[in-house]
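Okay, structure first, notes after.
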Amino acid sequence: MKPKRWLVAGLLLLSTGCVYYNGMYNANRLANKAEKAEREDRTFDARSYWAQAEVKADSVISRHPTSGWVDDALLIKSKALIVRGSCPEAIPYLEQVLFSSTDSDLVEQANLLLGGCYAELDQPEAVIRYLEAVSAGTNPERSAAARALYGSALTRLGRYQEALDVFSDLDDRQLDGERAVALAGSGRIGAADDLADSLIARRDTFVVWDSVLAAVARHDLPTATELTDQLVAQDSILPETRAKYYLDDGRRWVAVDPARAIERFKLATEDSTARRNGGTARIEWAVIELSWVKTSEELVVVLSVLEPATRSGGADALRARRLMETIQRVRSTADTLTKESPNGDIEQFLLAEAARDSLGAPQLAHSFFRRLTQDWPESPYAPKALLAMATLDAANAIVYRQYLLYAYPDSPYLSYLAGGDTDSLRGLEDSLQAYAFSKVVRQVQPGRRGQGRLRRVRSDADDLLLEDEPPE
């Protein structure tokens with residue numbers, strides 16, 4: 001019986017080896033077919049072959065985890081995962097290859113794939129870590145691919161001259177966009193502009209124009225604007241893309257020249273079909289207008305800017321509607337509030353805070369705070385209004401503080417600034433908060449949709465302090 005048992009064992013071993021060999025052979029065969037399909041731009045076929053190759057590779061990995069072929073199987077599985085957009089899932093398998101394989105060719109392939117994955121995940125430091133050695137390797141095809149990714153990572157990190165050095169002898173027109181970014185980033189605006197002009201002329205689809213324009217703008221805003229105008233002049237540019245270029249260009253001008261920014265935002269809104277970016281541009285245009293508003297009457301202009309944005313759809317439409325509602329409440333309160341209004345000083349103070357904090361309209365807020373000190377000079381909140389005016393008008397802050405010392409020497413706010421008693425101040429602040437919340441009451445509203453149901457009754461003051469609402 002013993003010979004027979006040995007014979008059976010031998011046959012089993014032979015059978016296992018054949019299954020293992022066939023599994024790896026088929027995995028490699030299918031992977032080769034997938035790569036051939038990729039080269040021929042047969043995307044659907046390539047994905048199908050990679051899926052089949054992954055199944056065969058999985059079989060080898062699970063059934064022969066300690067074999068000498070497992071690293072090859074792990075590499076094929078990783079490639080299949082990457083093709084279907086699962087880089088995070090592929091990374092552990094590729095790192096396992098680096099840890100366990102003694103085959104320098106497999107290790108180099110794994111490093112290249114890891115660098116590509118981390119580039120896709122926008123982690124340039126990791127790209128550099130894995131590709132530095134591959135970029136200097138002896139395999140010319142892998143080296144070129146690694147250097148392209150390596151140079152792009154350097155560009156992302158702002159190491160522009162190093163990136164240009166890496167790109168210098170890579171004869172690949174697909175990298176011209178990256179070269180333009182690196183040239184602009186290193187301050188060589190003329191060369192970057194010339195290269196960008198050629199990219200626009202040949203309608204290069206590989207260029208990430210957002211990066212090019214941003215890099216140019218860091219050194220030369222007018223040139224970035226000129227490039228933007230050249231880009232949007234192309235007939236092939238979609239309306240949303242054209243609006244996005246104008247929107248981004250306007251944003252770059254906001255801190256430097258708000259009026260110029262508005263001009264660019266207006267261009268972004270010209271095509272009504274660009275609803276998403278056009279709506280965003282209108283909101284950002286309105287924000288600038290609000291920063292200039294000095295009277296409640298001028299808010300009408302802002303409302304006219306915002307109204308079309310309410311039809312843009314998505315979050316911007318909601319944001320535009322809420323901003324318009326706040327503006328309308330501020331206008332209504334400002335128009336109806338008089339010296340005789342009950343608690344007029346508190347209402348005026350809350351109105352000024354809403355203009356400052358909810359609308360981002362510092363000049364309008366300043367005028368509202370000033371009105372409080374003029375129409376309600378005996379109000380305990382007049383000193384607080386003076387302090388707010390000093391913050392909003394830093395150039396004249398000393399004037400407001402001197403007037404505070406002269407007109408309100410016994411104010412709790414002045415005492416607090418001098419490091420004195422805070423109890424009186426706390427009482428005033430508590431009263432202010434209590435008044436704001438007192439406007440939020442509940443009352444029973446009989447009706448066919450449910451008697452005894454509670455409905456919140458709101459006031460202007462409550463509406464102006466949305467962030468302070470108590471929970472339902």
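Matching residues to (1) touching a residue at least 24 places away in the same chain (Cβ under 8 Å); (2) among the hydrophobic types (A, V, I, L, M, F, W, C); (3) closer than 17 Å to Leu299 by Cβ; (4) not assigned by TED's automatic domain parsing to the domain that holds Trp285:
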{"position": "Pro342", "(1), (2), (3), (4)": "no, no, no, yes"}
{"position": "Ala365", "(1), (2), (3), (4)": "yes, yes, yes, yes"}
{"position": "Arg371", "(1), (2), (3), (4)": "no, no, yes, yes"}
{"position": "Arg401", "(1), (2), (3), (4)": "no, no, no, yes"}
{"position": "Asp410", "(1), (2), (3), (4)": "no, no, no, yes"}
{"position": "Gly420", "(1), (2), (3), (4)": "no, no, no, yes"}
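For a quick check of your reading: which helices (runs of 4 or more DSSP H) sit entirely within segment 321-410 and have at least 1 residues that are under 32 Å from the mean Cα position of the chain (by Cα) and among the β-branched types (Val, Ile, Thr)?
Qualifying helices (runs of 4 or more DSSP H): 382-392.
Return the only residue of Arg282, Arg276, Arg260 being closer than 23 Å to Pro222 by Cβ, in a helix (DSSP H, G or I) and out of contact with any strand residue (DSSP E or B) (no Cβ under 6 Å at 6 or more places or on another chain). Full working, then the answer.
Details: Arg282 fails: closer than 23 Å to Pro222 by Cβ; Arg276 fails: closer than 23 Å to Pro222 by Cβ.
Only one candidate qualifies: Arg260.
Within the span defined as segment 156-171, one or more residues are surrounded by fewer than 22 Cβ atoms within 10 Å (Cβ to Cβ) and in contact with a Gly (Cβ under 7 Å, 6 or more places away or on another chain).
Residues being in contact with a Leu (Cβ under 9 Å, 6 or more places away or on another chain) and surrounded by 16 or more Cβ atoms within 10 Å (Cβ to Cβ): count how many of those fall in segment 248-259.
Matching residues across segment 248-259 total 5.
Leu231 falls short on exactly one of the conditions (1) assigned to a helix (DSSP H, G or I); (2) in the same structural domain as Ser304 (by TED's automatic domain parsing), and that condition is (2). Quick check on segment 235-242. Is at least one of its residues modelled with pLDDT under 90, surrounded by fewer than 22 Cβ atoms within 10 Å (Cβ to Cβ) and either of a type outside the set (Val, Ile, Thr) or more than 23 Å from the chain's Cα centre (by Cα) (or both)? Yes: one or more hits. Taking (1) within 19 Å of Ile346 (Cα to Cα); (2) of a type in the set (Ser, Thr, Tyr); (3) modelled with pLDDT under 95 in turn, Ser367 satisfies each apart from (3).
The values are calculated or read from the model by the stated rules, or taken from the named source; none is laboratory data. All values derive from a computational prediction rather than experimental measurement. As a convention, Cβ positions derive from the backbone with ideal geometry for all residues, glycine included, and neighbour counts pool all protein chains shown.
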